[in-house]
Amino acid sequence: MKGDGLLTPLYDHLVKLIIAQGYLRAAMFYSFFGTCKKNNVNPYEWLKKVLEIIPEYPANKIGDLLPQNLKI
């Protein structure tokens, strides 16, 4: 696929996009875990709790799930 002429720019763009998305997700978790540390919250317990309750949690109250706001 890499040498297909017309698809090469698309392929290269797609690879860069996937890598960028990975960096953004990593940065997001790094930020969450840094916030946990700053607020003396166990990051494992926080993430476990969030993953348990988020499927049924109202979208307009998502800020309540941040490490500084969620009571574990």
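Just so you know, all these numbers are worked out from the coordinates, no wet-lab data involved. Because the structure is a prediction, the values reported are computed rather than measured. Note that each Cβ is placed from the backbone with ideal geometry, even for glycine, and that neighbours are counted across all protein chains shown.
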Cα-based Rg / Dmax (Å) for the chain: 18.1, 55
Summed residue charge, Cβ within 14 Å of W46's Cβ, Lys/Arg positive, Asp/Glu negative: +2
Distance in nm between pseudo-label sites at K16 and D64 (7 Å out along the Cβ direction from Cα): 4.2 nm
Rel. contact order, % - alpha carbon contacts under 8 angstrom, at least six apart, the chain: 26 percent
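At most 11 other C-beta atoms within 10 Å and a DSSP loop state: those are the exposed trypsin sites (Lys or Arg not before Pro) I care about. Give me the longest piece of the chain that has none.
3-70
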Selection from L51, Y30, V15 lying farthest towards where the dipole of the stretch 7-65 points positive, charges on Cβ: Y30
